[in-house]
Amino acid sequence: MVTLHEYVAAGYFLSCESTSRHGGLDLRSVTLAHDHTRRRFFPATWALSWTRDSDEGRVEDAADFGIAAEELPRVMAWADESFGSAFGAWSVLFTLEDALHAARTFLQRAAGLELWGIGLHRSLVSTYCSATAPSPPAPGFAPEGASGFHEAACRRAAPLADGGAVLGHELLVEDVGCALNSPESRHRDERAALRAAGVVPNGNGLIDRFEDALACARALDVLEPPGPHTLTGWLPWLVVRYPLPTR
């Protein structure tokens with residue numbers, strides 16, 4: 001049985017599946033993967049005024065969450081003010097309260113909205129934090145920012161909030177661009193890793209036991225083909241679903 005207080009929260013996530021755009025792969029519905037998936041997360045770079053997202057792209061991305069074009073200035077004002085305090089790069093809300101506030105304030109019309117928290121087992125946190133710490137700034141250059149996951153798990157370390165339903169562990173790697181991706185989303189053979197560890201996924205496509213999920217993550221690292229785009233450092237992240245505020 002999973003005990004939430006054995007996991008350090010790495011953020012809370014508001015997401016829905018886009019009905020207008022296909023990610024290129026038919027991935028499971030419960031995933032934190034950003035690549036090749038229909039799933040979209042709020043907030044994201046489009047909500048920040050200082051990113052390079054186009055006006056047209058911002059309107060399209062906002063529409064996935066039921067946000068009208070005329071509501072965008074209010075959303076972006078909140079995002080600009082809240083970046084670094086309520087959320088980090090790029091869709092990581094730091095506390096359950098931050099996520100509930102965003103859902104209540106901006107996402108009342110979002111269809112199929114989900115609220116998840118993810119956590120890393122305490123035995124893995126030190127290794128993860130060392131591996132993902134920003135590099136020291138080079139002379140004459142601005143400091144490199146940490147991902148929202150690193151900020152949540154390493155600088156604001158707190159247990160996952162109570163009150164959620166455990167969905168299972170997802171095998172994820174922190175990828176370029178402050179994003180998490182699954183083996184499927186990065187075209188890796190997740191099924192081979194599960195077979196190598198003798199593990200059967202649950203009804204959500206996730207892994208129930210931490211020990212099994214860790215064995216699968218280790219198998220993924222071993223099975224990773226060498227080359228210029230090698231991905232290692234797979235970890236089992238616990239995914240927990242939380243109730244949304246009453247609409």
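For segment 1-36 versus segment 205-247, the inter-centroid distance based on Cα atoms is 11 Å. Sorted ascending by nearby beta carbons within 10 Å, beginning with the fewest, Ile118, Ile67 become Ile67, Ile118. Each helix, a run of at least 4 DSSP H residues, gives -39500 (n - 2.57); summed and divided by the residues of the chain, these come to -8000 deg cm²/dmol at 222 nm.
In terms of packing, defined here as the mean over residues of other Cβ atoms within 10 angstrom, the peptides 49-57, 119-127 line up highest first as 119-127, 49-57.
Taking the fewest neighbouring Cβ atoms within 10 Å as the starting point, the ordered list for Ser29, Ser82 is Ser29, Ser82.
Counting beta carbons within 10 Å around each of Val30, Val59 and listing the fewest first gives the order Val59, Val30. Unpaired Cys in the chain, meaning no second Cys C-beta under 4.7 Å: Cys16, Cys178, Cys216.
Values in this text are rule-based calculations from the coordinates and carry no lab data. Quick caveat: nothing in here was measured; it's all calculated off a predicted structure. Positions of Cβ are generated from backbone atoms using ideal geometry, with glycine treated the same way; all protein chains shown enter the neighbour counts.
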